[in-house]
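Trainee: Have a look at this one before I ask anything.
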Amino acid sequence: MAETVQAAPARSRRARGAKAPGPKTDAAAPEAASPAADAGTLVGYYRQMLLIRRFEERAARAYTEAKIGGYCHLNLGEEATVVGLMAALRPTDYLFTNYREHGYALAKGIGAERVMAELYGRSTGVSKGWGGSMHLFDAEARLLGGYGIVGGQVPLAAGAALAVSYKGGDEVVMCQMGDGTTAIGAFHESLNIAALWNLPVVFVVINNGLGMGTTVENSAAEPELYRRGAAYRTESLRVDGTDVLAVRDAARTAVERARAESRPYLLETVSPRLKGHSVVDPARYRSKEEKEALKAADPLARMALDLEDAGILSADDRDRLDAEVTAEIDAAAAFADDSPAPDVSTLFDYTYATPVPGELRRLPADPVFGS
């Protein structure tokens, strides 16, 4: 049931570009070429990728300025995967992610101002300032959380898919995770029960080649992670995560199969990250040659060249688009700076979805018993 797919046919310079270090995707070719995308769609994808890039760069800067607390994990280098996956979803479909989720929130349609404000811990953020970088949540956009515990989102996504199935809905649940998640028990338990109960969920493994600083090859007996689907008789696919069209088309196949057949699907995207595991990780485990190869294979820069070669987006147009996106991110940062911190009295407001009798709301400095 497992198959491997390459990127969509190269757009000119794509074939000449350097290949990033990491897992290979050069096994079987797809049965049919990816359908062509019109110029407006391609520019739209590029703009989304650029928005994510500039947002994450600004987030990294804000972290060094002590405006963002806690942990902060960036989607730098994974922009094509993020945009391609989100392009395959309907607005009514649900999304669960791990802690590397800023780009997913943006591509799901949540405004950069609200995402940045959450990173700053401000009350205008998507989680009212109480979630921070790793816990973005927006029920209206159907982004049901970023999760800080590795694999914590996977059983919950299966549960959401069960709810959809139970209610007879046509929504699909997409569950994003990192490559390290495939080694934990919750991953296997969730794939097993999703297959047994015919749940409409697409599990997406973002394989950036490293679990923090350990390569997939050194941590997984079977480093081609999509093959894990075979143990649960689940359709699976591996795709080049640096090609937005290849990711979109593979994700559409997975999502629509889950929707039409109410069956789970396992999709692996090979998407090397450009930086360390988190903002504070200098990635010293990478050689100079690896870092240079990653820079040369940058999916954003490669797509810009593809669009220029195709006569779709000139260098001047690209510069104007960059200025427009940069201004949007500057405005988001200013909005976050100017927004108030949440009042401490709201700390427990979102512990439960509905009121719970006897709910504990004691702060650390409060007495155990009332006076």
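The values are calculated or read from the model by the stated rules, or taken from the named source; none is laboratory data. Everything numeric here is computed off the predicted structure, so don't read it as measured data. Counting neighbours? That spans all protein chains shown, and the Cβs are built from the backbone with ideal geometry, glycine included. Protein only, heavy atoms only, side chains kept; ligands, DNA and RNA dropped before computing areas. Shrake-Rupley method; radii C 1.70, N 1.55, O 1.52, S 1.80 Å.
Trainee: Sort 107-118, 220-231 for me by packing, meaning the mean count of neighbouring Cβ atoms within 10 Å per residue, highest on top.
Mentor: Put in order of decreasing packing, that is 107-118, 220-231.
Trainee: Of all DSSP beta bridges in the chain, what percent run antiparallel (nearest 5)?
Mentor: 10 percent
Trainee: Please work out how much accessible surface residue 106 shows to a 1.4 Å probe, ignoring ligands, DNA and RNA, in Å² rounded to 10.
Mentor: 20 Å²
Trainee: Right, another one. Tell me what the chain gives for mean residue ellipticity at 222 nm when only DSSP H runs of n ≥ 4 count, each as -39,500 (n - 2.57), the sum divided by the residue total, rounded to 500 deg cm²/dmol.
Mentor: Mean residue ellipticity, 222 nm, calculated: -12000 deg cm²/dmol.
Trainee: Looking only at 155, 299, 355, which one moves most when the chain is put into a Gaussian network model with springs between Cα atoms under 10 Å?
Mentor: The residue that fluctuates most here is 355.
Trainee: Given the convex hull of the Cα atoms of the chain, what is a quarter of its surface area in nm²?
Mentor: Mean shadow area of the hull around the Cα atoms is 20.2 nm².
Trainee: Would you kindly work out the equivalent ellipsoid of the stretch 113-176 from its C-alpha gyration tensor and give its semi-axes, the square roots of five times the eigenvalues, largest first in whole Å?
Mentor: Rounded to whole Å, the semi-axes are 25, 13, 7.
Trainee: Going highest first, how would you order 360-367, 248-255, 97-104 by mean Cβ packing within 10 Å? Walk me through the numbers before you get to the answer.
Mentor: On the way: 360-367: 7.8, 248-255: 23.4, 97-104: 26.4.
Put in order of decreasing packing, that is 97-104, 248-255, 360-367.
Trainee: Order of 345-353, 165-173 by packing, highest average Cβ count within 10 Å first?
Mentor: Most protected by this proxy first, the peptides run 165-173, 345-353.
Trainee: Send over the Kirkwood Rh of the stretch 311-371, from the inverse of the averaged 1/r over different Cα pairs, rounded to one decimal Å.
Mentor: The Cα-based Kirkwood calculation yields 16.6 Å.
Trainee: Taking the radius of gyration and the Kirkwood hydrodynamic radius from Cα positions alone, what is the Rg/Rh ratio for the stretch 164-258, to two decimal places?
Mentor: Value, to two decimals: 0.97.
Trainee: Distance cut-off 31 Å, Cα to Cα: go down the list 108/295; 67/108; 128/295 and report the pairs above it. Walk me through the numbers on the way to the answer.
Mentor: Values: 108/295 27 Å; 67/108 24 Å; 128/295 36 Å.
Over 31 Å Cα-Cα: 128/295.
Trainee: Another one. How much of the calculated P(r) for the stretch 259-371 lies past 20 Å, in percent of all Cα pairs?
Mentor: Beyond 20 Å sits 75 percent of the P(r) for the stretch 259-371.
Trainee: If you don't mind, there's one more thing I want to ask. What FRET efficiency, computed as 1/(1 + (r/R0)^6) with R0 = 30 Å and r the Cβ-Cβ distance, is obtained for residue 218 and residue 326, rounded to the nearest 0.05?
Mentor: The value I calculate is 0.15.
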